[in-house]
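Step one of this worksheet: look at the structure below.
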Amino acid sequence: MIRVNLKNKYFVTLIVLVLLSVSVNIIQAVYAATAAPGSTGDPIVAKSYVDTNDKKATALITTLQTNYSKAQKDITALNGQVATLKTQVAALKSNVFTAITVEAGKKITVGSGTEIVLRSGNATAVAGTGGGLSDVTSAKDIISGTTVFTNHLLISSRDDGRGLNCITKCYLIVRGSYKI
């Protein structure tokens, strides 16, 4: 006779439960693979549902395309405004005197309409091909080699090489274009 021990009963029960679980899983897998169309395993979608959602998707795509086109136009307009603002900022910067330092022995040439004031140092005028600098303070034209007085407003009427030769280190204020 076979003696059944308490440990063997638990072991047999565990094996039966494992076999039962495996069997249930196999049956579910077979059922799911062979599910009939329209069943809960493989539901059928009605044509009206597809048509409704297709119309919603088409409307959403149209809205997105319209918004994208509007955004592109807005970006183009904003880029135009940015370019205008950059031009205005550059104009404002050119309307402000800039303090600069020019080392001894260096030459500063100025553009057309540029204003320059020698604040300190010693410099001589450099005339261009069409004449010298206008000394507005003393109401005269300064030709090449003429000593420039401090605190006199000088204006260049052309962009033709006019400017100053700095004999010593010079401190200037300039409004407009210049090159050292």
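The values are calculated or read from the model by the stated rules, or taken from the named source; none is laboratory data. Nothing here was measured: the structure is a model prediction, and the numbers come from that model. Methodologically, a virtual Cβ is constructed for each residue, glycine included, from the backbone with ideal geometry; neighbour enumeration extends over all protein chains shown. The area values use the complete protein model at the heavy-atom level, side chains included, leaving out ligands, DNA and RNA. Shrake-Rupley method; radii C 1.70, N 1.55, O 1.52, S 1.80 Å.
Give the residue, chosen from Thr98, Thr114, that is of a type in the set (S, T, N, Q), in contact (Cβ under 8 Å) with a residue 60 or more places away in the chain, in contact with a Lys or Arg (Cβ under 8 Å, 6 or more places away or on another chain) and surrounded by 17 or more Cβ atoms within 10 Å (Cβ to Cβ).
Residue meeting the stated conditions: Thr114.
Regarding Thr129, is this residue modelled with pLDDT under 90 and at negative phi?
yes
Can you find even one residue in the stretch 94-111 that is part of a helix (DSSP H, G or I) and under 16 Å from Gly176 (Cβ atoms)?
So far as the stretch 94-111 goes, yes, one or more of its residues are part of a helix (DSSP H, G or I) and under 16 Å from Gly176 (Cβ atoms).
Do you know which residues across the stretch 132-179 are in contact with a Gly (Cβ under 9 Å, 6 or more places away or on another chain), part of a loop (DSSP other than H, G, I, E, B) and not small (Gly, Ala, Ser)?
Ile143, Thr146, Thr150, Arg158, Asp159, Asp160, Arg162, Ile167, Thr168, Lys169 - these are the residues of the stretch 132-179 that are in contact with a Gly (Cβ under 9 Å, 6 or more places away or on another chain), part of a loop (DSSP other than H, G, I, E, B) and not small (Gly, Ala, Ser).
Out of the residues in the stretch 140-150 meeting the condition of being of a type outside the set (A, V, I, L, M) and open to solvent by 80 Å² or more (accessible area, probe 1.4 Å), tell me which one is nearest to Ser120 (Cα to Cα). Reasoning before the result, please.
To start, the set of residues in the stretch 140-150 that are of a type outside the set (A, V, I, L, M) comprises 140-141, 144-147, 149-150.
Those still in the list that are open to solvent by 80 Å² or more (accessible area, probe 1.4 Å) too: 140-141, 147, 149.
Numbers: Lys140: 21, Asp141: 21, Thr147: 13, Phe149: 9 Å.
The extreme case among them is Phe149.
As an exercise: evaluate Val89 against (1) outside any loop (DSSP other than H, G, I, E, B); (2) under 13 Å from Gly176 (Cα atoms); (3) under 37 Å from the mean Cα position of the chain (by Cα) and give the number of the one condition it does not meet.
(2)
Just to check your reading of the model, which residue among Ile61, Ile44, Ile116, Ile75 is hydrophobic (A, V, I, L, M, F, W, C) and closer than 21 Å to Arg158 by Cβ? It would help to see each step written out before you state the result.
Numbers: Ile61 fails: closer than 21 Å to Arg158 by Cβ; Ile44 fails: closer than 21 Å to Arg158 by Cβ; Ile75 fails: closer than 21 Å to Arg158 by Cβ.
Among Ile61, Ile44, Ile116, Ile75, only Ile116 is hydrophobic (A, V, I, L, M, F, W, C) and closer than 21 Å to Arg158 by Cβ.
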